[in-house]
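Peer 1: What follows is a single structure, and I will ask about it in a moment.
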Amino acid sequence: GTDDLSLLLPPTIIQKNIKELEMTNGVQLMRLLKPENNRYHSLSPADDRLNSTQQILEFLAKPECVVENINIVLDAGALILHMGNREFVSAWLELRQDMQAGVFFEGDSIRVITRDMCKDQSLPFSVSSFVDDMSICLLYLDDIHTRGSDFRLPPQSRAILTLGRGLPKDKFCQAIMRMRQLGFGQSLTFIASPEVDQVLKKDFFTSNQDDFVLDKSDRPIRPSSCDTAIVHAILIWTLSNTVQRICDLIPYFVGQSICTFRKARAYDALVTDAVNPFDNSTLENLAAAYVEEEALQLYKLYGHSRGIDTLPNIAVRMLRKGFNMKTPTATHTTKGITDVKHIPSLMDVISIRNDSTFTGMQSDNNRKSLECFSGEIQNRVKSIAADVSRPCSMLDEEQERELEHELEEEMQVERPGPVKALKPHISEGLVEVLNKCSVSNILILCRKNLAPLSDIFSKTSFVKDGKHHFHGGMVFATQDFISSVEGNNGLDSYMKDISWIIRPFKSVGGKDGPFIFVSNFEAEHYTGMLRRNRFIKGKKYVDPSGILELFTFAPLTRLQQPRKFLTISSLDPPPIVHVLGGSVHADDKLLKAIQNFLGLCPHPGDGGKGDQSWNECLSKGWIERDGFVPDRNICAELGRMFPDMVGLADESVCPFTSSPLGFLMQFLHNARHLGEELPASKVGRLLGASEIEDS
């Protein structure tokens, strides 16, 4: 249903559908033309009692809508005009006591409202309990979002699809296919506006006994041979709207083709004929050819007589005007303009301006290309709409541009100021460690020659909290990793990403580590230390110590991203590396490790005994509001109440003495630039980034 306008593509573009998907349109129609979709209802003309939105709500409140599971409204016809999305869903939810929530779009964000929420509250759909089960949930898709949205709808759902004036087939098909299982349990009921209903009954519905009639309740009375008569008629109506739309767009298609050709020829003249293509005068000529007249004066729009003419004749006159061709004679009638008496060959009438911009058109090749181009446009228009007439402005066709005033929103993002990058180098401390380390002294050498982890915050606004929370431990960094640009403070946006880590290939003293963060430059220098190089025959291993290896690391910043994207050379480090690297989309196993590392006892959110126990611990001071457990001595007691808290008393698991959540939220937002990912991610929810938002 998305290739209906392929006839209006530029002459230089051809739509080629994927062969495996050529049957898509036919499959859609087969799934649509089934008896269960042969349901139709029309709205009454608007009066003082009920407008179109209220009539739709009144229809949705009927008992048969509850029985038939009509839980979805696809407003492709834009009939719900008197309420906003939130207001409509709230009113609908009040009418459906068997439903628990309603889903709708607020801008480009999918929101959920439930019965127990306040009037102005909503929840992101991605973090709600309805994301995988919408059986007790209503769904409303407005006009814009009936294309491109996707939901896991119950298999036996029935949706209402509104029919508005001029609804084309491509938009119609896009809307119906929000029901992914249409024809396999899911079905549709159509609701038409009064204007559409009048057109359908007059030109598309028939009242013969062999077909069907509509009774006063708008229910179709149909014999078994016409089980799909209504939906068939609606489909034909949408096809007629598509034809009408294509015809309306033909003048714009011709106008844009002329504009594109003129620009191409102007550029060709620039690069082929100009002595110096980049001098001011030549560039000014090119700019003049590219400029389009946006603001048209009123006398140009309305200060002339108008008539009716066929689209092929209108296209010919537009081509002549666009290329300044000689105009042939034409006859006039009281109805408008008749066919042009004589349309000579374009080779005979081309009279291009002598402007320097168009000197490139003077050659025979350019004349031939113009004739070919214009002939292709004319043939295209004749093949589409040979006998279709439209209003025109006598011999000079003017195109009006209707401007719709829209509220434009632009997000202003503060970019970091300009700074000077430092020259990368191999850190002396790293060289010292690689040359002298052994299994027995590697940790001592790291503490003596490398910077502690807290030093990566030394030139940022996180310096105080960073040194407080991340001191000591088994993680170190080189000086080249720490320093990237000149400056001593406020360099939050210039912190290096954690991409390369050096560590022993065997545990030291039964412990995993130490881990050394190195820069890309250092990693490239020591690329021979990659683990995969051990398995390449004849490859010289360049690690002087013989006990260290270089690993690559990628934080989990995308959904379903694997923890180890390279089987041999990747590293699955401890939680501290994932936290500082920005792994916000952790899997369940890693999420549990991060929870224990941060010393958190998150709110169960089960609405039962778990929530009650958590609230009791909060009132006793055992747990802070964000879930952090400040006293390790009560971890054993918490472990009996919450099994996930077992082992939290070990300082090697959780090194924090105060809650690091506020610091981490700011760090991930400012330094790792994950502000948009946090609310919808598992780690973000653990940190409290996806609380219920007030609209």
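Peer 1: Could you grab me the full set of residues in region 149-178 that are touching a helix residue (DSSP H, G or I) at 6+ places or on another chain (Cβ under 8 Å) and part of a loop (DSSP other than H, G, I, E, B)?
Peer 2: Selection gives GLY164, ARG165, GLY166, LEU167, PRO168, MET177, ARG178.
Peer 1: Pairs only if they're at least six apart or on different chains, beta carbon under 8 angstrom, first in region 674-693 and modelled with pLDDT of 80 or more and in a loop (DSSP other than H, G, I, E, B), second hydroxyl-bearing (Ser, Thr, Tyr) and open to solvent by 20 Å² or more (accessible area, probe 1.4 Å); list them, first residue then second.
Peer 2: Taking only residues 6 or more apart or on different chains, the pairs are LEU674/THR557; GLU677/THR557.
Peer 1: Collect the residues in region 64-98 that are among the basic types (Lys, Arg) and not in a helix (DSSP H, G or I), keeping them in residue-number order.
Peer 2: Of everything in region 64-98, just one residue is among the basic types (Lys, Arg) and not in a helix (DSSP H, G or I), namely ARG96.
Peer 1: Just checking, how many residues over region 613-642 are loosely packed, with under 14 Cβ neighbours inside 10 Å, in a helix (DSSP H, G or I) and within 40 Å of the chain's Cα centre (by Cα)?
Peer 2: Final tally of qualifying residues: 1.
Peer 1: Let me ask you something else. Taking the conditions exactly as written (surrounded by fewer than 20 Cβ atoms within 10 Å (Cβ to Cβ) and either at pLDDT below 85 or touching a Gly at 6+ places or on another chain (Cβ under 6 Å) (or both)), does PHE505 satisfy them or not?
Peer 2: The answer is yes for PHE505.
Peer 1: Considering region 134-148 alone, what residues qualify as being assigned to a strand (DSSP E or B) and either touching a helix residue (DSSP H, G or I) at 6+ places or on another chain (Cβ under 7 Å) or over 23 Å from ARG96 (Cα atoms) (or both)?
Peer 2: The answer is LEU138, TYR140.
Peer 1: Among the residues of region 488-496, are any over 30 Å from SER659 (Cβ atoms) and modelled with pLDDT of 75 or more?
Peer 2: no
Peer 1: Is it the case, given these coordinates, that PRO155 is loosely packed, with under 14 Cβ neighbours inside 10 Å and in contact with a Gly (Cβ under 7 Å, 6 or more places away or on another chain)?
Peer 2: yes
Peer 1: Out of curiosity, is VAL475 at pLDDT 90 or above and either under 29 Å from LEU664 (Cβ atoms) or open to solvent by less than 50 Å² (accessible area, probe 1.4 Å) (or both)?
Peer 2: It is true that VAL475 is at pLDDT 90 or above and either under 29 Å from LEU664 (Cβ atoms) or open to solvent by less than 50 Å² (accessible area, probe 1.4 Å) (or both).
Peer 1: Here's a follow-up. Inspect all residues belonging to region 596-609 and state whether any of them is at pLDDT 85 or above, open to solvent by 10 Å² or more (accessible area, probe 1.4 Å) and over 29 Å from LEU559 (Cα atoms).
Peer 2: Looking through region 596-609, none of the residues is at pLDDT 85 or above, open to solvent by 10 Å² or more (accessible area, probe 1.4 Å) and over 29 Å from LEU559 (Cα atoms).
Peer 1: Do we find that SER383 is at pLDDT 85 or above, open to solvent by 80 Å² or more (accessible area, probe 1.4 Å) and hydroxyl-bearing (Ser, Thr, Tyr) in this structure?
Peer 2: Here the answer is yes, as SER383 does meet what is asked.
Peer 1: Scan region 107-115 and give yes if some residue there is open to solvent by 40 Å² or more (accessible area, probe 1.4 Å), over 19 Å from ASN69 (Cβ atoms) and among the hydroxyl-bearing types (Ser, Thr, Tyr), otherwise no.
Peer 2: Yes; the residues of region 107-115 include at least one that is open to solvent by 40 Å² or more (accessible area, probe 1.4 Å), over 19 Å from ASN69 (Cβ atoms) and among the hydroxyl-bearing types (Ser, Thr, Tyr).
Peer 1: With the requirement that a residue be farther than 19 Å from LEU661 by Cα and not in a helix (DSSP H, G or I), what does region 426-471 give you?
Peer 2: ILE426, SER427, CYS437, SER438, VAL439, SER440, ASN441, LEU450, ALA451, PRO452, SER458, LYS459
Peer 1: Hey, another quick one. Within region 179-188, which residues are crowded, with 20+ Cβ neighbours inside 10 Å and either closer than 20 Å to SER44 by Cα or in contact with a helix residue (DSSP H, G or I) (Cβ under 7 Å, 6 or more places away or on another chain) (or both)?
Peer 2: Passing the criteria: LEU182, SER187, LEU188.
Peer 1: Any chance you could count how many residues in region 249-276 are within 22 Å of GLU376 (Cβ to Cβ) and open to solvent by 70 Å² or more (accessible area, probe 1.4 Å)?
Peer 2: Of the residues in region 249-276, 4 are within 22 Å of GLU376 (Cβ to Cβ) and open to solvent by 70 Å² or more (accessible area, probe 1.4 Å).
Peer 1: Any residue in region 302-311 that is modelled with pLDDT of 85 or more and open to solvent by 20 Å² or more (accessible area, probe 1.4 Å)?
Peer 2: There is at least one residue in region 302-311 that is modelled with pLDDT of 85 or more and open to solvent by 20 Å² or more (accessible area, probe 1.4 Å).
Peer 1: Right, here's the next one. Do we have any residue at all in region 185-208 that's of a type in the set (A, V, I, L, M) and assigned to a loop (DSSP other than H, G, I, E, B)?
Peer 2: No, every residue in region 185-208 fails to be of a type in the set (A, V, I, L, M) and assigned to a loop (DSSP other than H, G, I, E, B).
Peer 1: Moving to a separate point now. Does region 1-59 hold any residues that are surrounded by 15 or more Cβ atoms within 10 Å (Cβ to Cβ) and charged (D, E, K, R), and which are they?
Peer 2: ASP4, ARG31, LYS34, GLU36, ARG39
The values are calculated or read from the model by the stated rules, or taken from the named source; none is laboratory data. Keep in mind it's a predicted model, so treat the numbers as computed, not measured. A quick note on method: Cβ atoms are made from the backbone with ideal geometry, for glycine too, and the neighbour counts reach across all protein chains shown. Note: areas computed on protein heavy atoms with side chains; ligands, DNA, RNA excluded. Shrake-Rupley method; radii C 1.70, N 1.55, O 1.52, S 1.80 Å.
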